[in-house]
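Notes follow once the structure below has been shown.
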Amino acid sequence: DGMISLALEGVCAAASCSSAHAVAVHPQEGSLAFPAGSVFVLYSPWSRRQVRFLSQPEAALEDRVPFRALCAAFSTTGQLLAAAFGAGSGYQDASSEVVIFADGVVLVEPLVGPGGRCWQVAWACNDTVLVAVGTTVRVWRWPEAQCIGELSIGSPAWAFSWCACQPSPGFAIVRPQGLTWHVMRSSPAHADAVFEERLVDLQQVEGPGVPVQIVDVTSAQDGVLYALSLQSTILRLRQGVVERFNRIHSGAARAVEILADGRLACAFADGFVHMVDSNTLAVVADFWLGGESTGGPIAAVGLAAARFPRRGTEALWVSFADGSLSAIKSDSTEAVPWQTLPSLVSPGTACDLVALRGADLALCGDCGLALRCMTGEGIGLGEVLVPDCEYDFSVVTTDADLLVMVCGHTTGGLSVFSMHDLRVLPVRVKTKTQSRVRALSVLVMAMGVNQKAAIVAAALNNIIEIHLVPFLMDSVPGQRSKKPSVIIAMNEPFIKTSLPSLALIQSPGDVLAWTHNSNEPFNMRLVTSGPEMLLIREVRFKGAGGAKVRRIHQELAVKSAWVAIGHCIGGESAFAIALHGFATNFTIDTGERLGQFQVALPPGQTIGNKLRVDSTGRILAVTVEQGTIVAPHVLVLDAETGCCLANLTGHITPISGLAFSSIGRLAVLGTDGSLLVWCISRDGVPLMVPLRVDELLPSMDHVRAASAPLQLTHVMQPQQQKQQQQQQQKQQHQHQKQQQQQ
């Protein structure tokens, strides 16, 4: 009833800043533009919200996936933003293009970028010239958007700076061979630009025969050029000639930027940022803004500065290798750390996604669990790192107050991690079949006072095992959780030849509560799919701890394999979809078929293995594959007719997770940990869902109340946990003995 529309509302991803000039700052408003996946995010540091997302024009995306966002530059007035996008990875991008935006609107057709990867775009000559550098240098005259020159330099150039020095304005280019100075002998009004190139002599810096590798350059308004070497030596040049130099740091350097007050900011690989006097080249202040990782300090990658005359302040943004961004705000008297945008990448390769209450999400990967806020603030709520072990993949689920993540080991076996009130409860589960885990599903249920359990279904080769994993919610003296137990193992011959799909679903009308001593059975459904058939089974738990399984429905083979299963929380029906787009809707209780439809797929595309249903049961989201490659986009379908409501693009890596939230949002997770959040509306009104669904989901409000992103306690190895428990018991025994003696 009414038109369904989707609009990109949030980008929860790390800033993919691979060059020193990937980030741009609006010179008047202070908005920050940084690349994240295939889009540029405009972030307001004053309201601390994402205000706009810039991507390639839809016409440029026909029949291909989006390019990666690379680097951007605001014009001197801030009215224009030049953004570079590129295909491929590393130094040898297949192609690149430059898009010009004004207030979020694309002004002209995308400009063909320089050869190879575009490392930097920059405006020059009072915004009448636009320059982009890669393996070539391309120069356009603006506003005609006409290419007036191209300079072939034969190797990647990763930095560029325009010098408006008279009488011969020019620019400096940083490339592996060194620093080259180029004089532009024609004015921007000419149809063709003429360049004169000269290699800058740097032998006096480190001595004869010692190579000097320049990493970045910047220039002042008077035409003075400043260069920073990898050895952390700052150089001042005029007309391509070195005037002065000074070594300012002991570590490797990464970027240099000139501030409005004439000082220089230099960023280094150990996370330090130095403020340098431009006349004496001496350090006048330093900051340490980088974090720590297992490999040591997180390196600073790039810098972006802007002055805000109306506020009387100046800001310097620093981008880091982990995707985080930090800002220093300064005035006439001092400079202090201002704010930080944390890295929002899930630990390791992202695998699955689940919605919590409100705007919060939990996403898991092969290294741990991450809590995220999918609103414009882009808050990273916390991380949980699992022990150092190799996992194939993981799944995550939730109930009213417990998060459960299940990881499948490459060598067989499972690890189950639950989180309650920020306490992590790890359990190692041994499977009867010692083979690689190929599919997982998990459901949470209550087990008496202070206990809950994860029901885990795992497909291992041609066996499906169902495990009961209890967790003790509260620390009650003398009370322990029961050991994990195998409920049942059954043969599934058809899953040996294909990647199966599993789904544990609560039976309608049943309450997720059961105990070992209960005489009342607890029922749930196990749905399995493969190339031959789709089976629905009833799993009935008995009071003695055993279980019985009976088949209640079977869907015969279709033209292609069944690949995905989906259902909504509290719903009475589920959906299954086949590789070629044929879908069926059936009741969870009896398997009765409620409807069928055929999804119209473009040539060469098939359905992927991720299917999600919104809480109203009227909208489906499903991933798509292109041949053997998981295409980075999602189809949003009408659940009754199968009509495509939207084709969501924006990711540059395969889709690994989908989740409909309780506030009418669809979150799409890429394997690189990036999140795109889409607002679903009907006739312009946000589509809300019944409050009862929201009540079933846990809240992370106590985490959100923290003043900074919370780093949750790391999970210990099972042996370490056992030793700690023994130590605590020993201390308690000694304390009791002392009390008795007293």
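The values are calculated or read from the model by the stated rules, or taken from the named source; none is laboratory data. These numbers were taken from a predicted model, which means no experiment stands behind them. Virtual Cβ from ideal backbone geometry, glycine too; neighbours counted across all protein chains shown. Just the protein is used for accessible areas: all its heavy atoms, side chains included, with ligands, DNA and RNA removed. Shrake-Rupley method; radii C 1.70, N 1.55, O 1.52, S 1.80 Å.
A few notes on this one:
- Using a Förster distance of 51 Å, the FRET efficiency for Glu58-Ala285 (Cβ separation, nearest 0.05): 0.65
- Using the Cβ-Cβ distance between Asp201 and Thr128 with R0 set to 41 Å, the FRET efficiency works out to roughly 0.85.
- With both labels modelled 7 Å from their Cα along Cα-to-Cβ, the Arg244 to Lys730 distance reads 6.3 nm.
- Of the residues Val112, Val318, Val336, ranked by 1.4 Å probe accessible area with the largest first, the sequence reads Val112, Val336, Val318.
- Whole-angstrom gap from the range 33-54 to the range 641-671, using each part's C-alpha centre: 20 Å
- What the Cβ-Cβ distance of Val486 and Gln339 gives, at R0 = 51 Å and to the nearest 0.05, is a FRET efficiency of 0.50.
- Subtracting the Cα-Cα distance of Asp103 and Gln740 from their residue separation scaled by 0.36 nm leaves 221.7 nm.
- Ellipsoid fit via the Cα gyration tensor, the range 587-667: semi-axes of 22, 16, 12 Å, each the root of five times an eigenvalue, largest first.
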